[in-house]
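Student: The structure that follows is given in the form of structure tokens.
Here, each number is a calculation from the coordinates, and none is a lab measurement. None of these values were measured; they are calculated from a predicted model. Reconstructed Cβ throughout: ideal geometry from the backbone, glycine too, with neighbour counts over all protein chains shown.
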Amino acid sequence: MPAWEAYIRRVEPYVPGEQPKRRDIVKLNTNENPYPPSPLAEEALARLSADTMRLYPDPTASELVDAIAAAHGVKPSQVFPGVGSDDVIAMAFLTFFNSKKPILFPDISYSFYSVWAELYRIPYECPALDAEFRIVPEDYMRESGGIIFPNPNAPTSLYMPLAEVERIVAANPDVIVMVDEAYVDFVDAEGGAGSAPAGPAPVSALSLLDRYENLLVIRTFSKSRSMAGMRIGYAVGSESLIRALNDVKYSFNSYTLNRDAIAAGAAAMSDGQYFLDTRRKILATRARACGEFRALGFDFPEPSGNFLFVRHKERHAAEIFAALKERGIYVRYFAKPRIDEYLRVTVGTDGQMDTLFTALREILG
Ligand code: PMP
């Protein structure tokens, strides 16, 4: 064994959902949006000349940051953009989780959190969700090096009411609390539709930012904005948190977002009506899917994301997963403790869901 082997950073990498090359499949495995992004995004891309490829992009991505800030009613200095929320969260771990005390995140949650913690050698502990897969706020009311959880959670699709989120944030003034809101736009409540923090019964932790300087809210264009392929995510927080994030980012890679992402992202963010229309279609299909799954003998936690987390009363998830894949229908299966009887199914178009339910009726007899 060469001596340098001992100096390699060994990590167990995150395993993303499959991205098959075949185009003729029904792809319900990585929570992408089945609808195209706003036409304004495509128009913005068409306006970019190939010549601009020579030039570095704007390191501050100000066009995109301004559009995000305007949509949420915050200052541009409160927005930190990145290459998908994965990049934003990775930077946030590096910036804010430097205590010797363990950070906390749920045992069943986005599986990238433990990968980043291992990569950066951050100690961590994972309080268990309760039997109904709910986050128990009291588990996060103790000394720690920081906290992160998705809301709605993944892969359960369960939303924790904002009052509970606030209890966790308020109980932890000494550390940074990150709320990963990748799926919050699909919460079926009045306040979920609006991007602005104000409005009736807000569901997003953005509405708490005025009161908590230690809160960081993380969002993505990959789900509700139909732009997973562009890789755009962002964090919103107090100016001091965003400044700290930028200092780390500029010590790592100045030009994270490319010109396409900046232009298309800014255009998509400005198209509020398109966003609402797409969201409404997904919610309608999700509601219909709930009925179909129930009729087929599945149960599931109340979904608040663009996906459902379903378990069949009799047949094992691994078996259903394989039978669906054979028919060209991809869903996600996690062979992990507590969740190995479940399938995570992205809400597709009505047509895709029809194909899924026809296949499930065949498989389940
Ligand atoms: N957070 C959660 C909870 C997710 O499910 C995902 C999607 N895999 C992400 C963050 C990252 O999404 P992206 O990097 O595409 O913004």
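Student: Length gain on complete extension for the stretch ARG121 to ARG243, per 0.36 nm per residue less the alpha carbon to alpha carbon distance?
Tutor: Details: separation 122, 0.36 × 122 = 43.92 nm, distance 2.35 nm.
Separation in residues times 0.36 nm, less the Cα-Cα distance, equals 41.6 nm.
Student: Pulled fully out, how much extra length does the chain show between ILE8 and ALA170, if you take 0.36 nm times their separation in residues and subtract their Cα-Cα distance?
Tutor: Additional length available on full extension: 54.3 nm.
Student: Can you compute 3J(HN,Hα) from phi for each residue in segment 201-208, using the Karplus curve 6.51 cos²θ - 1.76 cosθ + 1.60 with θ = phi - 60°, rounded to whole Hz and x for Gly and Pro?
Tutor: Once rounded to whole Hz, the list reads 5, x, 10, 8, 5, 4, 6, 9.
Student: Can you compute the helix-only [θ] at 222 nm over the chain? Use -39500 (n - 2.57) per DSSP H run of at least 4 residues, normalise by all residues, nearest 500 deg cm²/dmol.
Tutor: Helices in the chain give a 222 nm mean residue ellipticity of -10500 deg cm²/dmol.
Student: Another question, then. Please build a GNM for the chain, connecting alpha carbons under 10 Å apart, and tell me which residue among MET160, MET178, MET53 fluctuates the most.
Tutor: MET53
Student: So between LEU296 and ARG47, what do we pick up on full extension, going 0.36 nm a residue minus the alpha carbon distance?
Tutor: 84.8 nm
Student: Continuing with this model, one more query. At a temperature of 20 °C and a viscosity of 1.002 mPa s, determine how fast the chain diffuses translationally according to Stokes-Einstein, using the Kirkwood radius over alpha-carbon pairs as Rh; express D in µm²/s, rounded to the nearest whole number.
Tutor: 100 µm²/s
Student: Moving on to the next point. Note down the nm distance, to one decimal, between modelled labels 7 Å out along Cα→Cβ at LYS281 and at ARG142.
Tutor: Going by the 7 Å Cα→Cβ label model, 4.7 nm.
Student: Quick one: which residues, 5+ away or cross-chain, put their amide H under 5 Å from the amide H of ASN33? H built at 1.01 Å from N.
Tutor: Amide H neighbours of ASN33, under 5 Å, 5+ apart: SER226, ALA228.
Student: Given the pairs LYS21/LYS325; LYS75/LYS100; LYS27/LYS281; LYS75/LYS249; LYS281/LYS313; LYS249/LYS336, which are separated by over 22 angstrom at their Cα positions? Kindly include the intermediate steps, with their values, before the conclusion.
Tutor: Numbers: LYS21/LYS325 14 Å; LYS75/LYS100 33 Å; LYS27/LYS281 17 Å; LYS75/LYS249 19 Å; LYS281/LYS313 29 Å; LYS249/LYS336 34 Å.
Beyond 22 Å: LYS75/LYS100; LYS281/LYS313; LYS249/LYS336.
Student: Another question, if that's okay. For the chain, return all DSSP H helices satisfying: extent of Cα atoms along own axis at least 20 Å; mean Kyte-Doolittle hydropathy at least -0.5.
Tutor: 350-364
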